[in-house]
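The values are calculated or read from the model by the stated rules, or taken from the named source; none is laboratory data. Quick caveat: nothing in here was measured; it's all calculated off a predicted structure. For neighbour counting, all protein chains shown are included, and Cβ atoms are generated from backbone atoms with ideal geometry for every residue, glycine included. Surface accessibility is based on the protein's heavy atoms, side chains included, excluding ligands, DNA and RNA. Shrake-Rupley method; radii C 1.70, N 1.55, O 1.52, S 1.80 Å.
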Amino acid sequence: MNRKTLNTIIPIASVGVMIVWGTLAKSYDKSWLAVFVGGILMAIINVIGKNKDK
């Protein structure tokens, strides 16, 4: 999978995880961490991808 596809899938998946987590656990005050982790994953993928391009 290329970087562009992953950078599209990760935010969608992280928001989905946040909604499911918040609904099932009834704790939206902590479920936002899923989106935070998604952003970190996107940054890591971009850094690794840019290093491979060089």
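Quick notes on this one:
- Members of the stretch 1-49 that are touching a helix residue (DSSP H, G or I) at 6+ places or on another chain (Cβ under 9 Å), part of a helix (DSSP H, G or I), open to solvent by 70 Å² or more (accessible area, probe 1.4 Å) and not hydrophobic (A, V, I, L, M, F, W, C): R3, T23, Y28, D29, K30
- Among the conditions (1) open to solvent by 80 Å² or more (accessible area, probe 1.4 Å); (2) modelled with pLDDT of 90 or more, K52 misses just one, which is (2).
- Hits in the stretch 20-32 - residues which are touching a Phe, Trp or Tyr at 6+ places or on another chain (Cβ under 9 Å) and touching a residue at least 12 places away in the same chain (Cβ under 8 Å): W21, S31
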